[in-house]
Amino acid sequence: MSKPSRDILQLPIEKRAEIAFKVAVAKAIDEHTRLGLPVYIWRNSRVVKLSSNKRRSSSRRPK
């Protein structure tokens with residue numbers, strides 16, 4: 001995720017909080033991937049374990 005622009009202070013506090021949350025989650029996922037640790041997510045009403053190998057391959061998919 002790229003660094004937010006300098007105009008971020010013009011956004012409503014809710015939007016700024018959402019951006020900060022997304023940046024924090026991306027950093028946590030990157031750190032887990034770097035350390036080879038799994039990440040647990042909520043998918044289809046269940047907790048699912050994603051290994052670092054699965055995250056690396058899925059992160060390369062075009063969006």
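No lab work stands behind these numbers, since they all come straight from the coordinates. Computed from a predicted structure; not experimentally measured.
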Review point. Under 18 Å from the Cα of K15, which aspartates and glutamates turn up, not counting those fewer than eight places away in the same chain?
Key: D7
Revision key, fill the gap. For the stretch 12-59, the Kirkwood Rh over every pair of distinct alpha carbons, in Å, works out to 11.9
Study note, to complete from the structure: Listed by chain and number, the aspartates and glutamates with an alpha carbon less than 13 angstrom from that of K22, same-chain partners under 8 positions apart left out, are E14, D30
